[in-house]
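Each remark here refers to the structure printed beneath this line.
All of the numbers you see were taken from the coordinates with simple rules; none came from a lab. The model shown is predicted, which means the values in this text are computed figures rather than measured ones. Note that each Cβ is placed from the backbone with ideal geometry, even for glycine, and that neighbours are counted across all protein chains shown.
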Amino acid sequence: MVKTIKYSQSLQQRAKEVIPLGVHSNFRYWGEGITPYVEKAKGSYLWDVDGNKYIDYRLAFGPVILGHAYEPVDAFVQNEMINGLLFAMTSELEIQVAEKIISLCPAVEMVRFACSGTEATMHALRLARAYTGREIIVKFEGMYHGFQDYTLFSTYAPVETYGNRNNPIPIPASSGIPKALHNLIITLSFNDFEVLEKTFDRMGYQIAAVIAEPCMGNCGCIEPEKGFLELIQEKCKKYGALFILDEVKTGFRIARGGAQEYYHLDPDLATYAKALGNGYPIAAIGGKKEIMNIIGHGVAQGGTYNNNKCGVAAAYATLDTLQTQPIMETIERRGNYLMKGIKQIFDDANIPAHMSGYPAMFSFSIGEKKPTNQREWNKNDRKLYLEIIEACIEQGVMPDPDPREPWFLCYSHSDEDMDETLNIFADVVKNVKNKAK
Ligand code: PMP
């Protein structure tokens, strides 16, 4: 089967005239002549403008936890929207959503809303700096916390530029990031216990916060080694720095209460977006009362769209569904089946591959060693990864071609979707293997 993508190609030409790269986020550009343009999505499926149907494992980079155009959420949102969208005034529904987040996420005692993950991390960083009176932020190589300038360092630069692991060089991921911010960021290799300890020993009392995704959700879903997140937490506590857990990808996805429930963590602040609203625009900064309560007392946080009714209503309906139905259990069962199946296909083909992540959000890397940080991950066979994913997409199974990006599952994925995916995956791996001979 060779898919036609003629209409996508013509839209790309047209789009390039009016939108840089023809897309509204750099991450959505796959390349010249191959960037797909979407018509619609429903449940676990997505159709491009040429009418090709895919089992969708991108799920908009993770927000879609229940399914595309999920009727109970959409119906609730539509009903709420009849009574207006924005008021610059607080509604009872917002209080209910805040209460739901607090009841689900063990470390969260108060929340403020935002509209995107980027805003949530930006606000969390300001809050941490305001609370501690310090300026330095520690982040990990390969982790991504949105497009704000403060942490857009060492996300995906060639790792050769990162310097020695004992003294890493923060590499800005864009032109336009002020040089002054280099002085305020320390980038470390994930899962490096020794360097984390040394960094705190050396500079602990200057650090405002360590911001970390619980797993490398933007770099092959590399998991934390046992004790690493706990060490961050312990060091932060000891030195009076804040631990910001960026749960934009993991929140309401790897467990109802996100990674803080999954790993029994007690971060000072946590950031949410994505699955919180099943794709509608809503984000949240959550944290300890003592810290959150300085907002409004000399600490600024706000935004015209922060309580947009469609996001708030979607969050209400999504969280309600997560609380009352076996969403996580179902995704977990199907995701485990898919992960096991993929691993088996690689084993049968004698291709050394390692699964990482969680049933609701996973990745695989091809290489002898399972990577524990971005420096190691960089050594895996990304060419073969891309070859496999491109062939899957051609056959109607669509994970993201970027190997950093996990496969995401939603409640609307069916057992049949899992089997069809595995059949296609097995075919693809066989063909790739034969081609290599
Ligand atoms: N933090 C993490 C961990 C993310 O994965 C992302 C987006 N992929 C963000 C923050 C930024 O979120 P947004 O795209 O909603 O601004």
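Given a cut-off of under 8 Å on Cα pairs at least six residues apart, what relative contact order in percent is computed for the chain?
Computed value for the chain: 21 percent relative contact order.
Among Leu242, Leu422, what is the fewest-to-most ranking by other Cβ atoms within 10 Å?
The order, fewest Cβ neighbours first, is Leu422, Leu242.
Only four residue types carry charge here, +1 at the Cβ of Lys and Arg and -1 at the Cβ of Asp and Glu. Report the dipole size of segment 71-324 about the Cα centre in Debye, rounded to the nearest 20.
560
With unit charges on the beta carbon (Lys/Arg positive, Asp/Glu negative), name the residue among Leu265, Ile186, Ile285 whose Cα is farthest towards the positive pole of the charge dipole of segment 183-316.
Highest projection toward the positive end goes to Ile285.
Suppose every K and R has +1 on its Cβ and every D and E has -1 on its Cβ; what is the size of the dipole of segment 242-323 about the Cα centre, in Debye to the nearest 20?
240
State whether segment 156-297 is rounded, prolate or oblate according to the following rule on the C-alpha gyration tensor (a ≥ b ≥ c being the square roots of its eigenvalues): a/c under 1.5 gives rounded; otherwise a/b larger than b/c gives prolate, and the remaining case gives oblate.
Because its axes are fairly even, with a/c under 1.5, segment 156-297 counts as rounded.
Report the label-to-label distance for Glu135 and Asn293 in nanometres (one decimal), using points 7 Å from each Cα along the Cα→Cβ vector.
Reported label-point gap for Glu135 and Asn293 is 3.0 nm.
Based on the alpha-carbon gyration tensor of the chain, what equivalent-ellipsoid semi-axes (square roots of 5 times the eigenvalues) come out, in whole Å, largest first?
With the √(5λ) rule applied to the chain, the semi-axes are 33, 28, 21 Å.
Compare the peptides 31-42, 268-279 by average per-residue count of other Cβ atoms within 10 angstrom and give them in order, highest first.
Highest-to-lowest ranking by the protection proxy: 268-279, 31-42.
Say we join alpha carbon atoms closer than 10 Å with springs in a Gaussian network model of the chain; which of Met418, Met328, Met81 then has the biggest fluctuation?
Comparing Met418, Met328, Met81 in the GNM, the peak value goes to Met81.
Taking a ≥ b ≥ c as the square roots of the Cα gyration tensor eigenvalues, with a/c under 1.5 meaning rounded and otherwise prolate when a/b beats b/c, else oblate, which class fits segment 275-325?
oblate
Mind listing the Cα extents of segment 71-324 along all three principal axes, in Å, largest one first?
57, 36, 34
Counting only other residues whose beta carbon sits under 11 Å from that of Gly287, what net charge do I get with K and R as +1, D and E as -1?
Here the charged neighbours net out to -1.
Based on the mean of other Cβ atoms within 10 Å per residue, sort peptides 169-178, 151-160, 208-217, 7-16 so the most packed one is first.
Averaged packing, sorted descending, gives the order 208-217, 151-160, 7-16, 169-178.
Hey, if you put +1 on the Cβ of every Lys and Arg and -1 on every Asp and Glu Cβ in segment 309-408, which of His354, Pro371, Gln325 ends up farthest toward the positive end of that dipole?
Among His354, Pro371, Gln325, the one farthest towards the positive end of the dipole of segment 309-408 is Pro371.
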